[in-house]
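No lab work stands behind these numbers, since they all come straight from the coordinates. Treat the numbers as computed from the prediction; the structure is a model and nothing was measured. No Cβ is skipped: glycine too gets one built from the backbone with ideal geometry, and neighbour counts run over all protein chains shown.
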Amino acid sequence: MEKISVIIITKNEELQIEECLKSVSWADEIILVDSESTDKTIDIAKKYTDKFFVKKWEGFAPQKSYALSLANNEWVLSLDADERISEELKHEILNVDLNSFDGYSIPRNNYFLHKLIKTCGWEKDSQLRLLKKCKTSVTDRLVHEGFIVNGNTGKLKSPMLHFTYNTIESAISKINHYSSLQALERYKTKGRVNGFTIIAHGIASFYKTFFALKGFRDGVHGLCIAFIDSFTTFLTYMKIWELQKNK
């Protein structure tokens, strides 16, 4: 059985981090890199690991790269604070012959306001998270960063659990932050953005999520997700327009 290190990056995650840490308490090592939290994140983490490090926030990719560098074991499992390892996934990881591949994608069950979402494209989610350290690097992106494995990758069958938005308030806070990062990442490569561009992309985003990806089948939850996707798109393009205008 291969030893496994778990890496988690945090900032003010007192509402989520304990359940995350409980779900990986079986791991051989838990490394937490915190970005100067002002809540009880670190106090909670101390109950589960003595390997926590404070690093000033420089972006998702730099934080995860640093966390990866701290792992003492060759196999690394990367989690976000709002994710959990299910019992089924735990047993699969502990029993699979990891060295058949250099990394493994894991299916992810996504929850919105505590409801498992089966539409909106969320049901097809899979993340490359179980990694051989010597073969792995982090993509250099401002948002939606990921891992690159220089080798062959396989797929696990059991899901991790992702509690993405537990309140509408937290959703609004996140989409404001993520839309700013997306705008910074895209504005130099986009053509000129105008009022029509903003409206067209926002409406198209709602249509795609609610109708094309059948979000209506998840009822009001699906409707809320479609509005959130649309609002994120509106904000992103408005911020791209602002950046282009101000150069």
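Figures for the structure shown
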quantity	calculated
Radius 12 Å from Cβ of Asp218, net charge of other residues (Lys, Arg +1; Asp, Glu -1)	+3
Loop-resident sites, the range 149-213, for trypsin sites (Lys or Arg not before Pro), counting at most 14 other Cβ within 10 Å (DSSP)	Lys157, Lys188, Arg192
For the chain, share of DSSP beta bridges that run antiparallel, in % to the nearest 5	40
Sum of side-chain charges, Glu185 neighbourhood, beta-carbon under 13 Å (Lys, Arg +1; Asp, Glu -1)	+3
For the chain, size of Cβ-based charge dipole, Lys and Arg +1, Asp and Glu -1, in debye	1020
Long-range HN-HN contacts of Gly154 with modeled amide H, under 5 Å	Asp102, Gly103, Tyr104, Ser105
Where GluC sites (Glu not before Pro) in DSSP loops with at most 14 other Cβ within 10 Å are excluded, longest remaining stretch of the chain	59-247
For the range 113-247, size of Cβ-based charge dipole, Lys and Arg +1, Asp and Glu -1, in debye	460
Net charge over other residues, Cβ less than 12 angstrom from the Cβ of Ala71 (K, R count +1; D, E count -1)	+2
Ratio of Rg to Rh over the range 4-164 (Cα coordinates, Kirkwood Rh, two decimals)	0.93
Filtered chymotrypsin sites (Phe, Trp or Tyr not before Pro), the range 45-80: DSSP coil and at most 13 other beta carbons within 10 Å	Trp57
Neighbour-count order for Met1, Met160, Met238, fewest beta carbons within 10 angstrom listed first	Met1, Met238, Met160
Dipole of the range 168-246, positive end: most advanced residue of His177, Gly219, Gly195 [Cβ charges, Cα centre]	Gly195
Folded to 0 to 90 degrees: helix 219-246 orientation relative to the chain principal axis, Cα	70
Degrees between helix 195-207 axis and first principal axis of the chain (Cα, 0 to 90, nearest 10)	50
Folded to 0 to 90 degrees: helix 168-186 orientation relative to the chain principal axis, Cα	80
GNM top mover of Cys20, Cys224, Cys134 - the chain, alpha-carbon springs below 10 Å	Cys134
Listed residues Gly191, Gly215, Gly59, most fluctuating in the chain (Gaussian network, C-alpha, under 10 Å)	Gly191
